[in-house]
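Below is one structure; the comments refer to it alone.
The values are calculated or read from the model by the stated rules, or taken from the named source; none is laboratory data. Note that this is a predicted model, so its numbers are computed, not measured. Cβ coordinates were reconstructed from backbone atoms using ideal geometry, including for glycine residues, and neighbour counts include every protein chain displayed. What goes into the accessible areas is simple: the full protein's heavy atoms, side chains included, and nothing from ligands, DNA or RNA. Shrake-Rupley method; radii C 1.70, N 1.55, O 1.52, S 1.80 Å.
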Amino acid sequence: LELGRAQDSIEAGRAAIEAAEGAAERAAALVDMAEGMRIRDRFDDGLAALGEAQPLAEQAGAPLLLSHLHHLRGNFYFPLGRIDDCLREHRAALACAKEAGSLEAEAIALGGLGDAHYLGGRMRSSHDQFRKCVALCRKHGFGRLEVTVLHMLGWTAAYLNDMRGAVDYGTQAA
């Protein structure tokens, strides 16, 4: 998936499901497969894979995997315009990230919450979530995540009529 080969990642996920030993491995393979499906706009298939993965991840007691699963499901709901579902899933991702004690997963979930609020047109709430995400990224060195979210601070600042802030955030992102 990181190489831009979504279809190959789906096939790799299928192979991983076949080789999985236990609920956690099977759940992780299903989540990985769903990631490729999201990129390929296979929303129904991806949501079905996540639906199959969730009880397995819960059975395995894997809060970090569940955080990733909920975040990904929220990302499926974003382009479908399912605002309430998107927000619910990103909130669940944040709760699971905190349970897992993963600051990086927490930052990812905050970015997802920013997206969910953005989708709902709640720019102040969106901006606040993106700001928390970027602050956490900067504090803990999650630079790769920071650059994927930083430009959204610029967009939301513009909606909040903070043009200087929008330009500053945009420049930082660039």
Return one whole number: the accessible area per residue of the range 1-116 in Å², for a 1.4 Å probe.
48
Of Phe76, Phe43, which has the most accessible area with a 1.4 Å probe, and how do the rest follow in descending order?
Phe43, Phe76
The range 90-119: which GluC sites (Glu not before Pro) are DSSP loop and have at most 16 other beta-carbon atoms within 10 angstrom?
none
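Report, in debye and to the nearest 20, how large the dipole of the chain comes out about its Cα centre when Lys and Arg carry +1 and Asp and Glu carry -1 on their Cβ.
The calculated dipole for the chain is roughly 720 debye.
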Measuring from the longest principal axis of the C-alpha atoms of the chain, the long axis of helix 103-119 (C-alpha) lies at a number of degrees, nearest 10, equal to 70
Would you tell me the accessible area of His151, worked out with a 1.4 angstrom probe on the heavy atoms of the protein chains, in Å² to the nearest 10?
80
Where does each of 58-65, 79-86 land if you order them by average Cβ count within 10 Å, highest first?
58-65, 79-86
Expected unfolding gain across Glu21-Glu2 under the 0.36 nm per residue rule, minus the alpha-carbon gap, is 4.4 nm
Express in Å², to the nearest 10, the accessible area of Tyr169 obtained by rolling a 1.4 Å probe over the protein heavy atoms while all chains stay in place.
50
Could you report the accessible area of Ile39 in Å², rounded to 10, computed with a 1.4 Å probe on the protein chains as they sit in the structure?
90
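In deg cm²/dmol, rounded to 500, what helix-only [θ] at 222 nm does the chain give when every DSSP H run of at least 4 residues adds -39500 (n - 2.57) and the total is split over its residues?
Here the helix-only value at 222 nm equals -27500 deg cm²/dmol.
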Taking a ≥ b ≥ c as the square roots of the Cα gyration tensor eigenvalues, with a/c under 1.5 meaning rounded and otherwise prolate when a/b beats b/c or oblate if not, the range 74-139 comes out oblate
So how tilted is helix 43-60 from the main axis of the chain? Cα-based, degrees 0 to 90, rounded to 10.
70
Structure-derived P(r) over Cα pairs in 5 Å bins from 0, in percent - corresponding label in [x] 1, 8, 12, 14, 16, 14, 11, 8, 7, 5, 3, 1, 0, 0; [y] 2, 10, 16, 19, 19, 16, 10, 5, 2, 1, 0; [z] 1, 8, 17, 22, 21, 16, 9, 4, 2, 0, 0
[y]
